[in-house]
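Q: Got a structure for you, questions after.
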Amino acid sequence: MKFKNKTIEELETMSFDDLAYEILKEKGKKMKTADIFKIICEILNLSESEFEAQIADFFTLLATEKRFIQLEKGFWDLRENHTAKIELEEVEDEEDEILDDAEDEQSEDEEDELYLDETKEADDDTPEDDLKDLVVLDEENEIDL
């Protein structure tokens, strides 16, 4: 373990999260909270009662430290081992397709406008069409509702 190269004074000055980071980095695999903290307790010569008293705080520390990621079934690992890999070419291709679709729709709209005969008056715009079904009632011809 790399910790053997360090003195107990050096290890005691390290924070729990730094020790956890080094443990996970060295092991290279995911581990459970209790297993990580047991190793820390062994390194720092902490008793079983200290383990029990501080395990909840250690869990909170892992949960709030951005270098760690909680996995399924209570396992923890380094976030750097689980970074998302995004293929930029794939994203660019999708963006190009979206832009091409938008341009196609725009050109279809422009083509439709080309065939619109603006010189001919539309049938529904004439005033007599609007009034042809209109019925005027006076007081004598009122209808009871």
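Q: What's the total number of residues in region 8-65 that are closer than 17 Å to Arg79 by Cβ, exposed (fewer than 13 other Cβ atoms within 10 Å of the Cβ) and aliphatic (A, V, I, L, M)?
A: Within region 8-65, residues that are closer than 17 Å to Arg79 by Cβ, exposed (fewer than 13 other Cβ atoms within 10 Å of the Cβ) and aliphatic (A, V, I, L, M) number 1.
Q: Is it the case that some residue within region 10-22 is at pLDDT 90 or above, in contact with an Asp or Glu (Cβ under 6 Å, 6 or more places away or on another chain) and outside any helix (DSSP H, G or I)?
A: no
Residue-by-condition table, conditions (1) among the hydrophobic types (A, V, I, L, M, F, W, C); (2) modelled with pLDDT of 65 or more:
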{"site": "Ile43", "(1), (2)": "yes, yes"}
{"site": "Glu87", "(1), (2)": "no, no"}
{"site": "Glu95", "(1), (2)": "no, yes"}
{"site": "Ile98", "(1), (2)": "yes, yes"}
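The values are calculated or read from the model by the stated rules, or taken from the named source; none is laboratory data. Remember, predicted model here, so these are calculated numbers, not experimental data. FYI the Cβ positions are ideal-geometry reconstructions off the backbone, even for glycines, and counts take in every protein chain you see.
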